[in-house]
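Since every read-out is calculated from the coordinates, none of them should be taken as a lab result. Predicted, not measured: the structure shown is a model, and the values here were computed from it. Reconstructed Cβ throughout: ideal geometry from the backbone, glycine too, with neighbour counts over all protein chains shown.
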């Protein structure tokens, strides 16, 4: 749900390499964490890692060969 309409792809392979994640899910988690902090300020800070999908596009090429290879 983090669609950027001005960067939409017209073909099968996207033009740019990007990550995709759910803005709604991130907002839900942030709201829940904020409510927890307000209701229980002594609990301290917390951290949560949300998943993101890597979408390879035309802006990603093969890795460069170094001189040792």
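When 22, 59 are arranged by Cβ crowding within 10 Å, least crowded first, meaning fewest neighbours, the order is 59, 22. This ranking places 45, 56 by how few other beta-carbon atoms lie within 10 Å of each, fewest first, which gives 45, 56. Extent of the range 5-55 along its three principal axes (Cα atoms, max minus min coordinate, largest first): 51, 17, 11 Å.
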